[in-house]
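Asker: Right, I'll just put the structure down here and ask away after.
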């Protein structure tokens, strides 16, 4: 397999260079921008670098002596790995051969005769680059075996990726659907979309508050990062519980850091005629919960925390341990990027949240990126909020609705 990097001002130009040199069968393994600090073109813009490969032997070239020694070492290792057979890296043509070469070379490197620092660093760089390339090739080959998909399924895959569903997940979804449907169904847009939505929905967990009057007092706490709308969400849930479900409700606010948070909730509590307690320390919250023991449901509003500050998370954990809630809902914004959202879920995991509330879903341009985070967290979604109006802009989570949002990119309105 021949691997080469190409650099140009645009990805189109780099791709054209790749095709001219490697041919139309070449595949792109990786694409990245070269920052201005490293390389700029004559207009001062960022350059695009692509790493491409073609499944053919490398042409014979004259190599520098240090490079030739490195390749001779690899060749010797490969021959020993294959039982002293006459096999070269170029002719082996398999990922297993290349992987064995890298692993064996590292083992030999640990017991090698001391060499110069510069040469040693060059060899280490070669090994690191080989590992990265192998990973890219292995990932590509896994999905390059995907069968030639029908046109409608190709469009479905493109739509999933366009709406920010991870490419690998999108490939897994369409492959699964492809294997389940008949040719006639694959030619029907309605049948195909129905199957795709069902495939996505079955991988999502949802769970809302039980309907009807609970046995005893049910304590529910909302936690999450700053600015995700916890206070507004808790007002919606409290209003629905009292006005629609006819439950006896109590409110506790532990959000004493944010200016106006307590007054905002106190104003709502006064309008809705719901008793409210304000707490400042963990010992205070335990006493407040005890005073509300005759209520049907008690909602606890907590201060928003930066997930990167472990001290703040630990402090919040003390409040929750004192309150001993039946449910802990982690509120996250649908507008949050996938990496940040995954980080939030991971850092708040010490609080043992057993529900997720997706807020501000009406503001998100697309929500496909949520799919991977939701599947990996294994935490069921309880509610979706779609605006600021209390108590209207909130709905009970439904896996079918979430699947449709992720596939079509369309928002919902409660």
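Asker: Thinking of segment 183-232 as a set of Cα atoms, what percent of all their pairs are more than 16 Å apart?
Answerer: 69
Asker: Also: Efficiency by 1/(1 + (r/R0)^6): what FRET value for residue 226 and residue 131, r their Cβ-Cβ distance, R0 = 45 Å, to the nearest 0.05?
Answerer: 0.70
Asker: Just grab the label-to-label distance for residue 176 and residue 326, each label 7 Å out from Cα along the Cβ direction, in nm (one decimal).
Answerer: Going from the residue 176 label point to the residue 326 one covers 3.2 nm.
Asker: Per-residue counts of other Cβ atoms within 10 Å, averaged by peptide: what ranking do you get for 121-128, 179-186, 362-369, highest first?
Answerer: In descending order of packing, they fall as 362-369, 121-128, 179-186.
Asker: Using a simple spin-label model with points 7 Å from Cα along the Cα→Cβ vector, what separation in nm is obtained for residue 398 and residue 273?
Answerer: It works out to 3.2 nm between the two label points.
Asker: Sticking with this one: Could you list 155, 329 in order of exposure, starting from the residue whose Cβ has the fewest other Cβ atoms within 10 Å?
Answerer: 155, 329
Asker: Based on the Cβ-Cβ distance from residue 291 to residue 162, what FRET efficiency comes out when R0 is 51 Å, to the nearest 0.05?
Answerer: The value I calculate is 0.45.
Asker: Can you work out the FRET efficiency for the pair residue 342 and residue 10, with r the C-beta to C-beta distance and R0 = 30 Å, to the nearest 0.05?
Answerer: Using R0 = 30 Å, I get an efficiency of 0.45.
Asker: Can I ask one more? Under a plain spin-label model, where a point goes 7 Å from the Cα along Cα-to-Cβ, how far apart in nm are residue 378 and residue 246?
Answerer: Using points 7 Å along Cα→Cβ, the separation is 4.0 nm.
Asker: Let me ask something additional. Which of 242, 339 has the fewest other C-beta atoms within 10 Å, and how do the rest follow up to the most?
Answerer: 339, 242
Rule-based calculations on the coordinates, nothing more; no lab input. Owing to the predicted nature of the structure, the values given are computational and were not obtained by experimental measurement. A quick note on method: Cβ atoms are made from the backbone with ideal geometry, for glycine too, and the neighbour counts reach across all protein chains shown.
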